[in-house]
Amino acid sequence: MAINHDRLFKELISTFFIEFIELFLTEIASDIDKNSIQFLPEEVLTDVTAGEKKVIDLLVKVKYKQLETFFLIHIEAQSYSQQDFAKRMFQYFARLYEKYNLPIYPVVIFSFDEPLRPEPKIHSVTFPNLEVLKFEFAAIQLNRISWRDYLTQQNPVAAALMSKMSIKPQERPQVKAECLRLLTTLRLDPARMQLISGFVDTYLTLNEAEERTFLQTITTMGLDQREEYMEITTSWERKALEQVALNSLREGLSVEMVVKITGLTVERVQQLQAELQAGN
């Protein structure tokens, strides 16, 4: 099944907005009144020439500390390299600036695995004697960031996004274990823990050999003795079984047979079947 990157990143950042700002945008983190944060309604921008509609990922209104001045933070999660993306970001900026008449701090998270080259983050219009425009956004290109730099960060966003940073193939089991180790130290409520663990499991799905290395690593770390670890891995196992159930239902197997294969309850398999039918 295709991964809905926009939904995953939007859910992560909106749930842990301040933590995201503190991790990646330290320059403005100290300026924000944390009690003023307001997520604005979904914005749909229409590109008349291209015939496309763009839903802005996140637009947040915040206030400066000890001032009555507000500004907007616009965050886009970009899961693929796109020609002239910096120009598109300027167009989004211009339309939002016209509508809200507030300063805007634009941010892009580049989450793709390739290419590894730095993505352009400036759109400019210049003449030999005149610089008409220089628009720049804050760029967070995950595939150019080392996961090792975030091992000691007590931050749930670090626990999630390490799974999308620069990882050598042989490091995948270790990174998943480190994400899990960090997550078990954060003392999150079950819903937020599930959000982070689900994010990590989506982007670091291991093959059989990697899974064996992963299990050896968490045993060495002593994670397999922690209650939080048991809760997370149980949810991962359930997610995997539900995916097997969905695939089996698509192939035409009966509910009874799927229950026998997966060990899920009849009620849960029937619910998955209904969701599958509703999606068709």
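The numbers here are math on the coordinates, done by the rules we state, and not lab data. Keep in mind that this is a model prediction, so the values were computed, not measured. All Cβ positions, glycine included, derive from the backbone under ideal geometry; neighbour counts span all protein chains shown.
Any chance you could run the full-extension gain for Gln82 through Val55? It's 0.36 nm times the residue separation minus the Cα-Cα distance, nm to one decimal.
Computed gain between Gln82 and Val55 is 8.1 nm.
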Rank these for me by crowding, Phe110, Phe93, going from fewest to most other beta carbons within 10 Å. Phe93, Phe110
In whole angstrom, how far apart do the alpha carbon centroids of region 196-270 and region 132-183 sit? 24 Å
For region 237-280, what is the charge dipole size about the Cα centre, in debye to the nearest 20, if Lys and Arg each add +1 at the Cβ and Asp and Glu each add -1 at the Cβ? 60 debye
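What FRET efficiency comes out for Tyr100 versus Ile18 if R0 is 25 angstrom and r is the Cβ-Cβ distance? Round to the nearest 0.05. Intermediate values should be presented prior to the final figure.
Numbers: r = 21 Å, r/R0 = 0.85.
Efficiency, rounded to the nearest 0.05: 0.70.
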Quick note on Met89, Met230, Met193, ordering by fewest other C-beta atoms within 10 Å, gives Met230, Met193, Met89
Using +1 at the C-beta of Lys and Arg and -1 at the C-beta of Asp and Glu, which of Thr126, Val108, Ile75 has the Cα lying farthest in the positive direction of the dipole of the chain? Thr126
Please determine, in degrees from 0 to 90 and to the nearest 10, the orientation of helix 5-15 with respect to the longest principal axis defined by the Cα atoms of the chain, where the helix direction is its Cα long axis. 80 degrees
Taking θ = phi - 60°, what integer Hz values does the Karplus form 6.51 cos²θ - 1.76 cosθ + 1.60 yield along region 118-124, in sequence order, with x for Gly and Pro? x, 7, x, 10, 10, 10, 9
Arrange Leu180, Leu8 by Cβ neighbour counts within 10 Å, fewest through most, would you? Leu8, Leu180
Using a simple charge model, +1 on the beta-carbon of Lys and Arg, -1 on the beta-carbon of Asp and Glu, nothing else, what dipole does region 1-144 show about its Cα centre, in debye to the nearest 20? 160 debye
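Over the chain, what is the percentage of antiparallel beta bridges among all DSSP beta bridges, to the nearest 5?
Numbers: 20 of 32 bridges.
Among the beta bridges of the chain, antiparallel pairing accounts for roughly 60 percent.
How long is the gain from Val244 to Ala138 if the chain were fully straight, where each residue apart is worth 0.36 nm and the alpha carbon distance is subtracted? Don't skip to the end; give the middle numbers.
Values: separation 106, 0.36 × 106 = 38.16 nm, distance 4.02 nm.
Between Val244 and Ala138, full extension yields 34.1 nm more.
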Between Gln78 and residues 5 or more places away or on another chain, which pairs have amide H atoms under 5 Å apart, with H built 1.01 Å from N, and which residues are they? Ile109, Phe110, Ser111
So for region 163-280, taking the charge dipole from beta-carbon charges (+1 Lys/Arg, -1 Asp/Glu), which of Thr217, Ala278, Thr265 sits furthest toward the positive end? Thr217
